[in-house]
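Visitor: First the structure, which I've put down as structure tokens, then a few questions once you've had a look.
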There are 2 protein chains.
Amino acid sequence: MPTPTTFAYNQLFAFTEGVFQAIGCPEADATLATETLLAADLRGVDSHGVARLVGYVRLWEAGRINAAPRVAVTYETPSTAVVDGDGGLGLVVGPRAMRVAIEKAQQVGTGWVSVKNSNHFGIAGYHAMLPLAHGMIGVAMTNASPLVAPTYSLDRLLGTNPIAVAVPAGEQPDFVLDMATTTAANGKLEIAQRKGLPLPEGWAQTAAGLPSTDANAVKDGGALLPLGGATGSHKGYGLGAVVDIFSAVLSGANYGPWVPPFVAFLQPSANPVGQGLGHFFGAMRVDAFRPADEFKAHMDNWITTFRQAHAVEGKHVLIPGDPERDTAAHRLLDGIPLLDAVVKDLQGVGAKFGVKL
Amino acid sequence: MPTPTTFAYNQLFAFTEGVFQAIGCPEADATLATETLLAADLRGVDSHGVARLVGYVRLWEAGRINAAPRVAVTYETPSTAVVDGDGGLGLVVGPRAMRVAIEKAQQVGTGWVSVKNSNHFGIAGYHAMLPLAHGMIGVAMTNASPLVAPTYSLDRLLGTNPIAVAVPAGEQPDFVLDMATTTAANGKLEIAQRKGLPLPEGWAQTAAGLPSTDANAVKDGGALLPLGGATGSHKGYGLGAVVDIFSAVLSGANYGPWVPPFVAFLQPSANPVGQGLGHFFGAMRVDAFRPADEFKAHMDNWITTFRQAHAVEGKHVLIPGDPERDTAAHRLLDGIPLLDAVVKDLQGVGAKFGVKL
């Protein structure tokens, strides 16, 4: 494996912001998109971060991303809204839509926003964490390009459709769950592919629907498997389906096999059932249920109890969000490591727009 | 295995209602508790139905269930509430709390209710389906007796903490996901135990935290494993944790290892962190997002697309809720099969209260 080069967060931020501005994002949008995208690199989800910048640019070049969208509420009640992303970057549409959810929660206790006409939004966890600063629980989901076969299916009908839930604590750090509803995220498959390693069982199937440990199985017409793998993929399928329905059937985005592919070399369906891809966001004020200090004290007790559990030799029980927060703390100080192939891609796109890495 | 005896739904209903009345449930409560409990038997979730009637009665005898609770809202905003179940049967408290969520959704688009001071509520799917008749999506969760070890934990800190989501369709039958956040529900383990069969891998671990296929592993100090099993139980752990937090940290119920055991021979904690166990309910009007006819037409298309997918030889792709609905249709006509041991238990409790099966 090539050794990665390390870049300071600020350096990557300036570069990425420059590229987003170069493709026509208004200044505020470029800043917001950069913050959203780099949250993945900071938190160690390297597959969803700056490594995808080139992918977003290619979609823009193909006319499939609107760099200056007018993100607007098109339908609403006191606790709900549908937001039309106007074909914008999900990195920008997502936080704008979550803002609507937060404002509704401030008014009536909770806010729930389903989004259509958007694109990939980076890591779900970033969006779910936005309500934390307002004393709220955050929920974020998105559908994604179809790579996943429902239980017994040979067809790929769902994306890796992640669910993220962030819960504020008191003195303890926040609880942040961010998970694909598949056994493994597509990024992990790509890593195995690059390294030429076999996959663990339960990650993928062949085009004929047989279990496979071949990292190329999905590329060769197979599919990723829903969470639960060989024994119980119906649960992951059900969760991925809920994400698809909340994100797209509620909003009017494309769902199932109609979700537009993230890659520019694959064309979206000529007969879409909706607009773009969809997200779903929720914000719940904890003090809409009980006084915030009570909630936070019990949340601290919950976290401490789980963290102090007796554990298997050499391990300890983690709270969802612990590993990503540790990585973020280190990477803010020590920089973000990027593989040479990623650096080369970024330099290429930088050269095209006169932005230096 | 003993052959089961089959009982008509109406016969079981009259019997169960009679028992609930005999322990002091007001008539309306007895009817509601029976409908909730028998929804499990109708839908084929035999572990959660009338077979548990004796368990509820024993808890009542131990003074741990209030047969005539005053279920009340103790805290609320326009879209949220906390409901105090007053120590009642979850079978009664659950539908009453969901009623509050539905009324809030009628007013402001969605309603979200966290419940404390309750008991086991039967199957989550029953509760999630209540909003369907109102043109709403339903969400239901509950925490449960600690039997599950978080990833790397030797301690049992979570219940099987189910999540259910029900979505109304148009001409197609509704979508109803109802899943434990463990690899397997405890009921399936009990069946393997009774039959003396080994467990599939990924269901359980020993007291030392080693993978086990021994059906007695949990009884011998081991634990059930979160969904994802040997490879990826952190996702099931995360989901089970969210259910625990939404159900109990939001409401003021007991959470984690403090959740009271369902069995009367195990005592609840002497130092509880809350009251009883907790549930979480949600209701979302689909027309709070887009016109209901549009939503339902796309939901029909979603369902048809998935159901018609190419499938593995001899199988077809199911929609969540399909198997349970089929079972319910058959059992309403042909009756509900009960194992001899269950019949004997029911006759015993019937004799005690002068109610004939």
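The values are calculated or read from the model by the stated rules, or taken from the named source; none is laboratory data. None of the values given here were measured: they were computed from a predicted structure. Here the Cβ positions follow ideal geometry from the backbone for every residue, glycine too, while neighbour counts run over all protein chains shown. In case anyone asks, the SASA skips ligands and DNA or RNA and just uses the protein heavy atoms, side chains included. Shrake-Rupley method; radii C 1.70, N 1.55, O 1.52, S 1.80 Å.
Visitor: Other chains near A:178-187: what is the mean number of their Cβ atoms within 10 Å of each residue's Cβ?
Guide: Mean partner-chain Cβ count within 10 Å for A:178-187: 2.
Visitor: Leaving out ligands, DNA and RNA, what percent of the accessible area of the range B:185-225 is carbon and sulfur, probe 1.4 Å?
Guide: Carbon and sulfur: 55 percent of the exposed surface of the range B:185-225.
Visitor: For the range A:185-225, what is one quarter of the convex hull surface built on the Cα atoms, given in nm²?
Guide: Mean projected area of the Cα convex hull: 2.3 nm².
Visitor: Rounded, prolate or oblate: which fits the range A:62-216 when a ≥ b ≥ c are the square roots of the eigenvalues of the alpha-carbon gyration tensor, with rounded for a/c under 1.5 and prolate only if a/b beats b/c?
Guide: prolate
Visitor: When the expected Rg is taken as 2.2 N^0.38 Å, what fraction or multiple of it is the alpha-carbon Rg of the range A:291-357?
Guide: Against the compact-globule rule of thumb, the ratio is 1.87.
Visitor: Between A:Asp220, A:Asp86, A:Asp41, find the one with the highest GNM mean-square fluctuation for chain A; connect C-alpha pairs within less than 10 Å.
Guide: Top of the fluctuation ranking is A:Asp220.
Visitor: Still on this structure: Which lysines does A:Lys116 reach when only Cα atoms under 21 Å apart count, and residues fewer than 8 places away in its own chain are ignored?
Guide: A:Lys104, B:Lys296
Visitor: Sticking to Cα atoms, compute the Rg of chain A to one decimal and its Dmax as the biggest Cα-Cα distance, whole number, in Å.
Guide: 20.0, 55
Visitor: Sticking with this one: Helix-derived [θ] at 222 nm for the protein assembly as shown: sum -39500 (n - 2.57) over DSSP H runs of at least 4, divide by residue count, nearest 500?
Guide: So the calculated ellipticity at 222 nm is -11500 deg cm²/dmol.
Visitor: Still on this model: Can you give the Rg to Rh ratio for the range A:232-329, taking only C-alpha atoms and Rh from Kirkwood?
Guide: 1.14
Visitor: With the Cα gyration tensor of the range B:212-278 giving a ≥ b ≥ c as the square roots of its eigenvalues, does the rule (a/c under 1.5 for rounded; else a/b larger than b/c for prolate; else oblate) give rounded, prolate or oblate?
Guide: Cα axes put the range B:212-278 in the oblate bin.
Visitor: Right, here's the next one. Would you list, by chain and number, the aspartates and glutamates whose Cα falls below 18 Å from the Cα of B:Lys352, excluding same-chain residues fewer than 8 positions away?
Guide: B:Glu17, B:Glu61
Visitor: What percentage of the solvent-accessible surface of the range B:12-90, computed with a 1.4 Å probe over protein heavy atoms, is contributed by carbon and sulfur atoms?
Guide: Result for the range B:12-90: 48 percent of the exposed heavy-atom area is carbon or sulfur.
Visitor: Would you kindly find the accessible area of A:Cys25, with a 1.4 Å probe and non-protein molecules such as ligands, DNA and RNA excluded, rounding to the nearest 10 Å²?
Guide: 10
Visitor: Please list the radius of gyration and Dmax for the range A:40-88, considering alpha-carbon atoms only, with Å as the unit.
Guide: Every Cα atom of the range A:40-88 included, Rg and Dmax give 14.8, 39 Å.
Visitor: Here's a follow-up. Rank A:Thr327, A:Thr181, A:Thr305 by mean-square fluctuation in a GNM of chain A with C-alpha springs under 10 angstrom and give only the top-ranked residue.
Guide: Looking only at A:Thr327, A:Thr181, A:Thr305, the biggest GNM fluctuation is shown by A:Thr305.
Visitor: Using the heavy atoms of the protein chains alone and a 1.4 angstrom probe, what is the accessible area of the protein assembly as shown per residue in square angstrom?
Guide: That works out to 37 Å² for each residue.
Visitor: I'd like the interface area for chains B and A: accessible area of each alone minus the complex, both sides summed, 1.4 Å probe, protein heavy atoms only. What is it in Å² to the nearest 100?
Guide: Buried surface at the B/A interface: approximately 6600 Å².
Visitor: Measure out, as a whole number of angstrom, how far apart the alpha-carbon centroids of the range A:228-256 and the range A:48-66 sit.
Guide: So the separation of the two Cα centres works out to 25 Å.
Visitor: Turning to a different aspect of this structure: Given the C-alpha centroids of the range A:317-333 and the range A:16-41, what is the distance between them in whole angstrom?
Guide: Between the Cα centres of the range A:317-333 and the range A:16-41 lies a distance of 23 Å.
Visitor: While we're looking at this one, here's another question. Can you tell me what share of the DSSP beta bridges in the protein assembly as shown is antiparallel? A percent to the nearest 5 is fine.
Guide: For the protein assembly as shown, the DSSP antiparallel bridge percentage is about 85.
Visitor: Report Rg (one decimal) and Dmax (nearest whole number) for the protein assembly as shown, counting Cα atoms only, units Å.
Guide: 25.0, 88
Visitor: Give me the net charge of A:Val342's neighbourhood, meaning all other residues with Cβ under 13 Å from the Cβ of A:Val342; Lys, Arg count +1, Asp, Glu -1.
Guide: -2
Visitor: For the range B:10-65, what number results from the quotient of the Cα radius of gyration and 2.2 N^0.38 Å?
Guide: Ratio of Cα Rg to 2.2 N^0.38 Å: 1.05.
Visitor: Continuing with the same structure: How much of the DSSP bridge set in chain A is antiparallel, in percent, rounded to the nearest 5?
Guide: Rounded to the nearest five, the antiparallel share is 85 percent.
Visitor: Please build a GNM for chain A, connecting alpha carbons under 10 Å apart, and tell me which residue among A:Val263, A:Val19, A:Val115 fluctuates the most.
Guide: A:Val263
Visitor: Using a loss threshold of 50 Å², tell me which positions in the range A:190-238 are less accessible in the complex than in their chain alone. Probe radius 1.4 Å, ligands and nucleic acids ignored.
Guide: Residues meeting the cut-off: A:Leu227, A:Thr231, A:Lys235, A:Tyr237.
Visitor: Just how much of B:Lys315 is accessible, in Å², when a 1.4 Å probe is used and the result is rounded to the nearest 10?
Guide: 100
Visitor: Further, regarding this structure: Would you mind calculating the relative contact order of the range B:185-225 from Cα pairs under 8 angstrom and at least 6 residues apart, reporting the percent as a whole number?
Guide: 35
Visitor: While we're on this one: Can you list, shortest first and in nm, the gaps between the label point of B:Ala207 and those of its counterparts in the other copies, using a point 7 Å from Cα in the C-beta direction?
Guide: So the label point of B:Ala207 gives 5.3 nm to the other copies.
Visitor: One decimal, nm, shortest first: give the distances between the label point of B:Gln11 and those of the same position in the other copies, each label point 7 Å from Cα along Cα→Cβ.
Guide: 8.0
Visitor: A further question follows. What average number of partner chain Cβ atoms lie no more than 10 Å from the Cβ of the residues making up B:304-315?
Guide: The shielding value for this peptide is 5.
Visitor: Take the alpha carbon atoms of the range B:132-149, find their center, do the same for the range B:267-303, and report the distance between the two centers in whole angstrom.
Guide: Cα centres, the range B:132-149 to the range B:267-303: 7 Å.
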